[in-house]
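The values are calculated or read from the model by the stated rules, or taken from the named source; none is laboratory data. Note that the structure is a prediction, hence the values are computed from the model and not measured. Cβ atoms come from the backbone with ideal geometry, glycine included; neighbour counts cover every protein chain shown.
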């Protein structure tokens, strides 16, 4: 609908088939695995992964603005069952910090 302020609107009714939205959530899961590195298998239990995916769907995906040139958006993804900190991954006190720049440059 507009670029400034960033505003989009659904242009078609969902059919239940695989679409871009499904691929975004799958891509987010891949990004989490890269961010958590060797700890991913231990941290991303079925319950934690479901919680992170739900957070992505309800918060990050809705707030993300690819045209925001002012600053770097940052999110804290809750991992409530994770009791241990993994500072090398950005996971502390049950929250994984992630910045917009990490989304764009996740392969580096």
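Here is how the numbers come out for the structure above:
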{"item": "Leading residue by the ranking (surrounded by the most Cβ atoms within 10 Å (Cβ to Cβ)) among those in the range 56-86 that are in a helix (DSSP H, G or I) and out of contact with any helix residue (DSSP H, G or I) (no Cβ under 7 Å at 6 or more places or on another chain)", "result": "60"}
{"item": "Qualifying residue in the range 39-49 (condition: at pLDDT 70 or above and in contact with a strand residue (DSSP E or B) (Cβ under 8 Å, 6 or more places away or on another chain))", "result": "yes"}
{"item": "Hits in the range 93-108 (condition: at pLDDT 65 or above and within 17 Å of residue 38 (Cβ to Cβ))", "result": "96"}
{"item": "Residue in the range 11-21 that is modelled with pLDDT under 80, surrounded by 10 or more Cβ atoms within 10 Å (Cβ to Cβ) and closer than 29 Å to residue 79 by Cα present", "result": "yes"}
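Condition check ((1) assigned to a loop (DSSP other than H, G, I, E, B); (2) touching a residue at least 40 places away in the same chain (Cβ under 8 Å); (3) more than 15 Å from the chain's Cα centre (by Cα)) across all residues:
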site: 38; (1), (2), (3): no, no, yes
site: 50; (1), (2), (3): no, no, no
site: 54; (1), (2), (3): no, no, no
site: 88; (1), (2), (3): yes, yes, yes
